[in-house]
Amino acid sequence: MRFDIMTLFPAMVENVLSESIIGRAEKAGYIQIRTHNIRDYSQDKHRKVDDTPFGGGVGMIMTCQPIYDCFQAVRSEIPEGSSTRVIYMSPKGRRFTHDVAKDLSKYDNLIFLCGHYEGVDQRILDEIVDEEISIGDFVVTGGEIPACIVVDAVSRLIDGVLSAPECYEGESVASGLLEYPQYTKPREFHGMEVPAVLLEGDHKKIDRWRLEQSVALTKERRPDLLLLHPEFEKSLKPRDKKKRKPKSTAKGEETDEKQ
């Protein structure tokens with residue numbers, strides 16, 4: 001899979017994605033990551049890439065021409081017939097989740113546009129971008145770090161990047177639940193012992209304990225996830241299950257009570 005990142009700060013992206021698992025995956029040929037400096041495509045003699053906004057306002061807006069020419073250069077490098085999606089990292093986009101990462105991992109090529117300053121001229125978004133994606137309800141100084149997060153999350157789902165699918169299928173959110181607590185040596189640290197069940201060697205009991213821990217943590221910290229998971233009904237107390245039983249309408253149809 002290939003990732004192309006159009007940015008004003010390529011070193012910021014390269015420093016993040018050249019390290020650890022993602023860096024090793026690229027060296028091994030499982031993924032390709034290419035950065036493209038938008039400023040290199042400016043036709044201004046000072047390599048200017050921004051200007052003041054029409055209608056007034058503070059800050060500067062990234063202009064269309066350098067971004068468009070950079071995009072055309074990127075597209076010329078992509079093999080014909082490759083499935084490609086162009087993404088603009090923006091707090092106005094759809095929320096990035098593990099399911100979105102799985103959807104994006106099906107493409108051959110992802111192209112990211114990283115905005116900066118007060119944003120990007122809307123016309124270039126309308127011209128080249130397929131969708132906007134947000135990593136959360138907050139604002140950062142540019143799209144580079146959000147793009148790195150998406151590349152990292154998607155890359156982990158590509159065959160060969162991790163040693164086995166089990167490495168990501170059972171993790172927090174990916175499994176539908178928050179991950180259970182993990183422990184390693186030593187058995188005792190500052191008076192805190194590793195739970196005894198993990199030391200007994202009974203893997204059925206261990207699996208049951210881990211599931212119980214995951215359900216409890218999810219119920220406490222992310223009940224919105226638990227509502228969608230098969231373990232939700234099992235986690236309810238008897239009186240809560242009665243409240244969730246469907247009730248009949250006047251026409252004899254069944255509807256679920258609002259939660």
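Just one of 114, 70 is over 30 Å from residue 178 (Cβ atoms) and in contact with a His (Cβ under 6 Å, 6 or more places away or on another chain); which is it?
Details: 114 fails: in contact with a His (Cβ under 6 Å, 6 or more places away or on another chain).
Criteria check complete, one pass: 70.
Which residues, taken from region 174-192, are surrounded by 10 or more Cβ atoms within 10 Å (Cβ to Cβ) and either in a strand (DSSP E or B) or assigned by TED's automatic domain parsing to the domain that holds residue 102 (or both)?
Kept after step one, since they are surrounded by 10 or more Cβ atoms within 10 Å (Cβ to Cβ), are these residues of region 174-192: 174-181, 183, 187, 189.
The one that is surrounded by 10 or more Cβ atoms within 10 Å (Cβ to Cβ) and either in a strand (DSSP E or B) or assigned by TED's automatic domain parsing to the domain that holds residue 102 (or both): 189.
Just checking, how many residues over region 36-76 are touching a residue at least 40 places away in the same chain (Cβ under 8 Å), farther than 18 Å from residue 114 by Cβ and not small (Gly, Ala, Ser)?
2
Just checking, which of 103, 99, 126, 130 is assigned by TED's automatic domain parsing to the domain that holds residue 50 and touching a residue at least 24 places away in the same chain (Cβ under 8 Å)?
Details: 103 fails: touching a residue at least 24 places away in the same chain (Cβ under 8 Å); 99 fails: touching a residue at least 24 places away in the same chain (Cβ under 8 Å); 126 fails: touching a residue at least 24 places away in the same chain (Cβ under 8 Å).
After ruling out the rest, the residue left standing is 130.
I need a count of the residues in region 1-27 that are free of Cβ contacts under 8 Å to residues at least 40 places away in the same chain and outside any loop (DSSP other than H, G, I, E, B).
The first filter runs over region 1-27 and keeps only residues free of Cβ contacts under 8 Å to residues at least 40 places away in the same chain, leaving 10-11, 14-15, 18-20, 23-24, 26-27.
After this cut, where a residue has to be outside any loop (DSSP other than H, G, I, E, B) as well, the list is 10-11, 14-15, 20, 23-24, 26-27.
Number of matching residues: 9.
On the given criteria, is residue 60 in contact with a Ser or Thr (Cβ under 8 Å, 6 or more places away or on another chain) and closer than 20 Å to residue 44 by Cβ? Give the steps one after another, and end with the answer.
Working: in contact with a Ser or Thr (Cβ under 8 Å, 6 or more places away or on another chain): yes; closer than 20 Å to residue 44 by Cβ: yes.
Answer is yes for this residue.
The values are calculated or read from the model by the stated rules, or taken from the named source; none is laboratory data. None of the values given here were measured: they were computed from a predicted structure. In this analysis, Cβ positions are derived from the backbone assuming ideal geometry, glycine residues included, and neighbour counts consider all displayed protein chains.
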